[in-house]
Amino acid sequence: MLNIVLFGPPGAGKGTQSTFLVESYGLVHLSTGDIFRSNIKSGTELGRLAQSFMDEGKLVPDDITIRMLESEVNAHPDAKGFIFDGFPRTTAQAEALDGFLMERNTPVTSMLALDVDEAELKIRLLKRAETSGRPDDANPEVIQKRIDIYNADTAPVASHYAVQGKFIAVDGMGNVEEITERLQAAISI
Ligand code: ADP
C-alpha cells in the first residue's frame, strides 16, 4: 500500500503531478479541490456549503472537509493506495487522516512537499486562470489570500509528518517532467 500526501502551496503543481503518479503507481487520486468543484457543478448540498469559502480563497471548514474525505476513502475499499492532493491542509485534518487510515491499517507512507517560490506560484495561477475557468485563480487578491492561509494554517502540517519521519521536500521549480522524476526518486527512497 502506497499512501502519498502530495503537499505544497496553491499553484505548486499538485494536480499536474498527480496525473503522472496515478499512472505510474496505480493509485486512487483524491483531490479535495476537484471533489468540491464537482459538487458545486452538480449543485449538491456539499457544493453549496463549500462554494462561498472557495470563492473567497478561504479553507472549507474542517468538519465538512474531513467527513467528505473519509467517505471518499471508504468508497475505495480495494485501492492499492491513495494520492491525497490538497488534503490535509490543517493539523486537525492530518490527525483525522491518521486516525481513519489507522482503522484501515494503511498509514501514510510519505508526504512529498513541492517547493515553489511565491512569485512563480502567482505566475502559474494567473496562467491557469486563462483556461481553468476557476474564479479563485483569476483574482490576485484571492490568490494572495490563499497563499497567506497556506503559510499560516497549512505549512505547519509539514511538521506533523516530519516528526513521524515521513516528510520529503521536493524542488517544484523547473519543467513538469523533471519534477515528476524528482517525485519518483523520492517515492523509491
Ligand atoms: P489550490 O491548491 O490551487 O489552492 P485546490 O483545488 O486544491 O487548489 O483547492 C481549491 C479550494 O478548495 C481551496 O482554496 C479551499 O477553499 C478548498 N479546499 C480544497 N482542499 C481543502 C481542504 N483540505 N480543506 C479546506 N478547504 C479545502
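The values are calculated or read from the model by the stated rules, or taken from the named source; none is laboratory data. Note that the structure is a prediction, hence the values are computed from the model and not measured. Because the Cβ atoms are built from the backbone with ideal geometry, glycine has one as well, and the counts that use them run over all protein chains shown. For the accessible areas, the whole protein counts, side chains as well, though only heavy atoms, and no ligand, DNA or RNA atoms are used. Shrake-Rupley method; radii C 1.70, N 1.55, O 1.52, S 1.80 Å.
GNM on the chain, C-alpha springs below 10 Å: top fluctuator among P107, P77, P88? Among P107, P77, P88, the largest GNM mean-square fluctuation belongs to P77. With a 1.4 Å probe and every protein chain kept in, tell me what percent of the accessible surface of the chain is carbon plus sulfur. Heavy-atom surface of the chain belonging to carbon and sulfur, 1.4 Å probe: 53 percent.
Distance between the 7 Å Cα→Cβ label points at M1 and I123: 4.1 nm.
R0 = 22 Å: FRET efficiency of T106 with V163, Cβ-based, nearest 0.05? With a Förster radius of 22 Å, E is 0.65. Look at the alpha carbon pairs under 8 Å that are at least 6 residues apart: their mean separation over the length of the chain gives a relative contact order of 33 percent. If I model a spin label as a point 7 Å beyond the Cα along the Cα-Cβ vector, how far apart are those points for M173 and A155 in nm? For the pair M173/A155, the computed spacing is 1.6 nm. For the stretch 47-189, the spread of Cα positions along the three principal axes, ordered from largest to smallest, is 42, 38, 27 Å. Per-residue extension of 0.36 nm, minus the Cα-Cα distance of Q144 and E130, leaves a gain of 3.3 nm for this segment. Can you tally the net charge around I189? Count Lys and Arg as +1, Asp and Glu as -1, for every other residue whose Cβ sits under 14 Å from the Cβ of I189. That works out to +1.
Can you give the helix-only mean residue ellipticity at 222 nm for the chain, where every DSSP H stretch with n ≥ 4 adds -39500 (n - 2.57) and the sum goes over all residues, rounded to the nearest 500 deg cm²/dmol?
-17000 deg cm²/dmol
Given R0 = 45 Å, the distance between the Cβ atoms of K58 and S188 translates into a calculated FRET efficiency of 0.75. With a cut-off of 16 Å on the backbone N, the residues of the stretch 158-189 near the modelled label site 7 Å out from T19 along Cα-Cβ are 175-181. Solvent-accessible surface of the stretch 41-137, averaged per residue with a 1.4 angstrom probe and all protein chains in place: 53 square angstrom. By the rule of a C-alpha distance below 23 Å, with chain neighbours fewer than 8 residues away ignored, the lysines paired with K127 are K14, K41, K58, K145.
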